[in-house]
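Okay, so here's the structure we're looking at.
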Amino acid sequence: MRLNQQLDRELALAAMQARLDEWECHLAAQSLVEALRKEAQFEIEQVVRTPGALSRRVRSSVHLAHGADGAVTGARLNVERDGEAIFEWHLPLSEDPHLASSETSLGSGVFVVTNSAMTAIMLHAATIDQLIGEAAKASDIRSSCRHIAHNARRAWRALSVNVEPASSNE
C-alpha cells in the first residue's frame, strides 16, 4: 500500500518546506501509510547513521481521529529529530481513499518509483540550499536549487494529469 497520489505529493511538499531530509521524509510517509492501513496510532523510531553526518534519532508518529462510524476522519503526523519536534502535518480532508495499491497506476508501480525519484530530487535541492549557507556564489546555487525544485513540481503535475489506472491500459 501507498498514499494516494495527491496525498503523497502534499506530504512531500510540506516535508520539503520543513527541510526534512530524505530519510525523515521516508519514515514520515511510511508511518502514515501504516497508521491508515491499520486504522490505529502508529510510531516508528530509528537511529539514522549516514556517512559524513552525525547519527540522530528520528521518530515519526501518527495520531488518528475517528468519526462516530469508526472511519478515520483525520490524522496528525509528527516527526522528531533527537527529541526535538521538527515537523507537524495534518491529513487533509478528502473524499478519495487515502491509500492506493502500489500497482494502481502506470503499471507495476512505475508511478511510485517516479514519484519517489521526484521527491528525492526536491529534497536534495532543498538540502543543498540549506547547506550552502554563506558560501561564495550562494545566490547562484540557491537559484539553481529553486529551478530544480520548480522543474520537479512541473514533472509531478504532468504525471498526475497523464496518469491512468493500469487496468485501462491493459
Given the criterion assigned to a helix (DSSP H, G or I), at pLDDT below 80 and either assigned by the TED database to the domain that holds residue 145 or of a type outside the set (A, V, I, L, M) (or both), identify the matching residue among 116, 108, 31.
116
Does the stretch 64-72 contain at least one residue that is under 18 Å from residue 120 (Cα atoms) and in contact (Cβ under 8 Å) with a residue 24 or more places away in the chain?
no
Return yes or no: is residue 23 within 30 Å of residue 151 (Cα to Cα) and either modelled with pLDDT under 90 or exposed (fewer than 14 other Cβ atoms within 10 Å of the Cβ) (or both)?
yes
Please give the number of the condition residue 70 fails out of (1) at pLDDT below 85; (2) in contact with a helix residue (DSSP H, G or I) (Cβ under 7 Å, 6 or more places away or on another chain).
(2)
Pairs needed: first member in the stretch 1-20, open to solvent by less than 10 Å² (accessible area, probe 1.4 Å); second member anywhere, modelled with pLDDT under 85 and among the aliphatic types (A, V, I, L, M); C-beta distance under 6 Å; at least 6 residues apart or different chains.
none
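The values are calculated or read from the model by the stated rules, or taken from the named source; none is laboratory data. Keep in mind it's a predicted model, so treat the numbers as computed, not measured. Quick reminder, even Gly has a Cβ in these numbers, built from the backbone with ideal geometry, and neighbours come from all protein chains shown. Accessible surface is based on the protein model in full, side chains and every heavy atom, while ligands, DNA and RNA are left aside. Shrake-Rupley method; radii C 1.70, N 1.55, O 1.52, S 1.80 Å.
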